[in-house]
Amino acid sequence: RRDAHPMAIMCGVVGALSAFYHDTLDITDEAHREESALRLIGKMPTLAAMSYKYSVGQPFMYPRNDLSYSENFLHMMFGNPCEESKIDPVLARAMDKIFMLHADHEQNASTSTVRLAGSSGANPFACIASGIAALWGPAHGGA
């Protein structure tokens with residue numbers, strides 16, 4: 001549904017990655033854990049941007065190989081297929097810093113939720129989906 005909240009879309013899509021990558025879900029295998037982490041880190045900006053674009057009825061913007069992580073995120077979130085994307089380098093550097101700060105945000109509710117789900121032996125995609133669900137809660141900031 002177009003009126004679905006982007007966080008609901010993110011929960012479903014991230015959790016569904018475990019069905020797509022079912023061959024690398026052995027959490028006791030270090031290579032599987034690393035591959036899952038790289039997939040999540042690499043796909044999250046695309047999934048977030050596509051969730052947003054879908055919810056506002058705009059066409060998807062696909063990532064470009066010539067852009068950095070933050071530049072690609074901004075391109076996919078705010079770009080238009082009818083125009084050339086012009087990414088402000090100051091904004092891209094600010095996004096780099098914001099991503100680093102969020103990665104080092106310590107033990108908040110969503111981090112605790114991911115760790116708790118992980119302690120049950122759940123696959124990495126299910127764990128991150130649970131963290132997204134916790135992030136969506138009003139006591140966490142209501143993303």
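If I ask for residues that are buried (at least 18 other Cβ atoms within 10 Å of the Cβ) and touching a residue at least 40 places away in the same chain (Cβ under 8 Å), which ones from the stretch 35-49 would you list?
Scanning the stretch 35-49 gives S36, A48.
Under the condition of being within 28 Å of C127 (Cβ to Cβ) and either of a type in the set (D, E, K, R) or buried (at least 16 other Cβ atoms within 10 Å of the Cβ) (or both), which residue from the stretch 78-98 is farthest from the chain's Cα centre (by Cα)?
Going through the qualifying residues, I end up with K97.
Which of the residues spanning the stretch 20-61 are within 23 Å of M95 (Cα to Cα), modelled with pLDDT under 95 and among the hydroxyl-bearing types (S, T, Y)?
Residues satisfying the conditions are S51, Y52, Y54, S55.
State yes or no: is A133 touching a residue at least 12 places away in the same chain (Cβ under 8 Å) and within 16 Å of A48 (Cα to Cα)?
yes
Being of a type in the set (S, T, Y), within 21 Å of R64 (Cα to Cα), out of contact with any Cys (no Cβ under 8 Å at 6 or more places or on another chain) and surrounded by 13 or more Cβ atoms within 10 Å (Cβ to Cβ), is that true of even one residue in the stretch 104-116?
No, the stretch 104-116 contains no residue that is of a type in the set (S, T, Y), within 21 Å of R64 (Cα to Cα), out of contact with any Cys (no Cβ under 8 Å at 6 or more places or on another chain) and surrounded by 13 or more Cβ atoms within 10 Å (Cβ to Cβ).
Yes or no: F125 under 30 Å from D29 (Cβ atoms), among the aromatic types (F, W, Y) and surrounded by fewer than 19 Cβ atoms within 10 Å (Cβ to Cβ)?
So F125 does not fit the description; no.
Output the qualifying pairs, or none if there are none: Cβ atoms under 9 angstrom, residues six or more apart or on different chains, first residue in the stretch 106-124 and among the β-branched types (V, I, T), second residue exposed (fewer than 12 other Cβ atoms within 10 Å of the Cβ).
T111/H105
What is the one condition in (1) closer than 26 Å to S130 by Cβ; (2) touching an Asp or Glu at 6+ places or on another chain (Cβ under 9 Å) that A109 does not satisfy?
Checking A109 against (1) closer than 26 Å to S130 by Cβ; (2) touching an Asp or Glu at 6+ places or on another chain (Cβ under 9 Å), the one that fails is (2).
The values are calculated or read from the model by the stated rules, or taken from the named source; none is laboratory data. Please read all numbers here as calculations on a predicted model, not as lab measurements. Please note: Cβ atoms are built from the backbone with ideal geometry, for glycine as well, and neighbour counts cover all protein chains shown.
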